[in-house]
Amino acid sequence: MIKAKDCIRGITPYKPGKPIDDVKRELGLSEVYKLASNENPLGTPPSAVEAMRVMASACALYPDGYGYDLRMSISEKLGVKPGELIFGDGSNEIIKLLSLVYLDKGDEIIAPMPSFSEYSRLAGVCGAVCKAIPLTEDFIVDLPAMVGAISCKTKIIYICNPNNPTGTVINKRLLLQMMHRIGNDILVVLDEAYFEYVDDENSPNGLDFFKEFSNVVVMRTFSKAYGLAGLRVGYAVANESVVNDVNKVREPFNVNSLAQVAAIAAFNDKEYIKKSINYNKVERDFVSTSLKTMGLNVIPSQGNFVLVNVGIKCNIVFNELLKKGIIVRSGDVFGYPTSIRVSIGLREENNYFLKELKELL
């Protein structure tokens, strides 16, 4: 039997949240609410659905590998050059591409702990190792500690803002201090998957830092606020030299035609995105306040999810909620054995979750 590379053997596959249909089949349930994967409860924008309907008849043709129309749309709105954009099959692929381009065996990345697990997993695929830096006592990414962990082997620093799974944000003043302390030979990746939901004025806009520092990459996605998680399309803003290197390893048709036209429609649908942001803020406050009234500790979140300490083993809570048709994320995978992460859903879903959690506890 042929063996995988040494660096592959120790990698644990990414385990996503349980799909709704799997839970229905396994438990014989007719109604299941998925509050585990930070998806948009308002669904796919009608404008994107219509764009896909029109494009459907052209699916016999390969997609535009350059993504011209999507590129021009984002370039104009964000005020960046077309050549400063990378598109991926979700943000995950962009992380993979950056790893392939910049990481060799023995190299290091620095990332918060806990945070998005794909940073370390995809670094491991290239034989690199991850220096995981614990969050502060306030569950915030510890920028000074990350700077202190830099070595001659450091190639990439990942900062998820808002951080997943805590929903906390960094301070733009501290980020600026950090950027002035590190050399431009280290790539600083600002993962802003939940950027649209942020209303904290002290949280940075990655594009401001991209315009000032040539080694900053800003990642964003259409999977959250734009309601297109099933289409898998993300993008990054980066220096043109970075884009050129990434294109050397990027698959030529990595973002399909339906995803491209849907992303354009969603990106320009101001009414939908405004509705999504406002809805999330109202429901996030409602869920957080309701959990606090139960006497539970809720980390203040700027995302479309909250992390709550339920006070008992999270796998017990996860399994009991699952029996009731509620899928949440168990906190033990993040190193929080008595916490769960719950996505913000529709009011009906949120009420049902709160009711069942209260009865369980």
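Key figures
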item: Ile86 aliphatic (A, V, I, L, M), closer than 18 Å to Ala263 by Cα and buried (at least 19 other Cβ atoms within 10 Å of the Cβ); result: yes
item: Residue check for Ile186: aliphatic (A, V, I, L, M), out of contact with any strand residue (DSSP E or B) (no Cβ under 7 Å at 6 or more places or on another chain) and surrounded by fewer than 24 Cβ atoms within 10 Å (Cβ to Cβ); result: no
item: Where Ser75 falls short, out of the listed (1) out of contact with any Pro (no Cβ under 6 Å at 6 or more places or on another chain); (2) free of Cβ contacts under 8 Å to residues at least 60 places away in the same chain; (3) crowded, with 16+ Cβ neighbours inside 10 Å; (4) of a type in the set (Ser, Thr, Tyr); result: (1)
item: Number of the exception - Val249 against (1) among the β-branched types (Val, Ile, Thr); (2) surrounded by fewer than 15 Cβ atoms within 10 Å (Cβ to Cβ); (3) within 21 Å of Leu35 (Cα to Cα); result: (3)
item: So Lys355, is it open to solvent by 70 Å² or more (accessible area, probe 1.4 Å), in contact with a Pro (Cβ under 8 Å, 6 or more places away or on another chain) and at pLDDT 95 or above; result: no
item: Residue among Ser288, Ser330, Ser276, Ser301 that alone is over 19 Å from Asp200 (Cβ atoms) and surrounded by 14 or more Cβ atoms within 10 Å (Cβ to Cβ); result: Ser330
item: Flag if Pro204 is crowded, with 16+ Cβ neighbours inside 10 Å, touching a Lys or Arg at 6+ places or on another chain (Cβ under 6 Å) and assigned to a loop (DSSP other than H, G, I, E, B); result: yes
item: Candidate set: the range 146-171, residues that are open to solvent by 40 Å² or more (accessible area, probe 1.4 Å) and hydrophobic (A, V, I, L, M, F, W, C); chosen: the one farthest from Ala36 (Cα to Cα); result: Cys152
item: Those residues of the range 329-360 which are part of a loop (DSSP other than H, G, I, E, B) and either in contact with a Ser or Thr (Cβ under 8 Å, 6 or more places away or on another chain) or farther than 26 Å from Lys281 by Cβ (or both), in sequence order; result: Gly335, Pro337, Thr338
item: Given (1) at negative phi; (2) touching a residue at least 60 places away in the same chain (Cβ under 8 Å); (3) open to solvent by 10 Å² or more (accessible area, probe 1.4 Å); (4) not polar (S, T, N, Q), index of the condition Gly335 fails; result: (1)
item: All positions within the range 191-201 that are open to solvent by less than 10 Å² (accessible area, probe 1.4 Å) and either free of Cβ contacts under 8 Å to residues at least 40 places away in the same chain or of a type in the set (Val, Ile, Thr) (or both); result: Glu192
item: Single unsatisfied condition, Lys81 versus (1) of a type in the set (Lys, Arg); (2) closer than 19 Å to Ser241 by Cα; (3) open to solvent by 20 Å² or more (accessible area, probe 1.4 Å); (4) in contact with a strand residue (DSSP E or B) (Cβ under 9 Å, 6 or more places away or on another chain); result: (4)
item: Residues of the range 12-52 that turn out to be surrounded by 14 or more Cβ atoms within 10 Å (Cβ to Cβ) and over 24 Å from Ile344 (Cβ atoms), as a count; result: 2
item: All positions within the range 34-76 that are closer than 16 Å to Asn268 by Cα, of a type in the set (Val, Ile, Thr) and more than 21 Å from the chain's Cα centre (by Cα); result: Val49
item: Count of residues meeting criterion [open to solvent by less than 10 Å² (accessible area, probe 1.4 Å), under 24 Å from Ser343 (Cβ atoms) and in contact (Cβ under 8 Å) with a residue 60 or more places away in the chain] in the range 211-220; result: 1
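Conditions tested, residue by residue: (1) out of contact with any Cys (no Cβ under 7 Å at 6 or more places or on another chain); (2) in contact (Cβ under 8 Å) with a residue 40 or more places away in the chain; (3) under 25 Å from Gly17 (Cα atoms).
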site: Val129; (1), (2), (3): yes, no, no
site: Ala132; (1), (2), (3): yes, no, yes
site: Pro165; (1), (2), (3): yes, yes, yes
site: Asn171; (1), (2), (3): yes, no, no
site: Phe209; (1), (2), (3): yes, no, no
site: Val237; (1), (2), (3): yes, yes, no
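The values are calculated or read from the model by the stated rules, or taken from the named source; none is laboratory data. Keep in mind it's a predicted model, so treat the numbers as computed, not measured. Ideal geometry is used to build each Cβ from the backbone, glycine not excepted, and the neighbour counts take in all protein chains shown. Please note that ligands, DNA and RNA were not included when accessible areas were found on the heavy atoms of the full protein model with its side chains. Shrake-Rupley method; radii C 1.70, N 1.55, O 1.52, S 1.80 Å.
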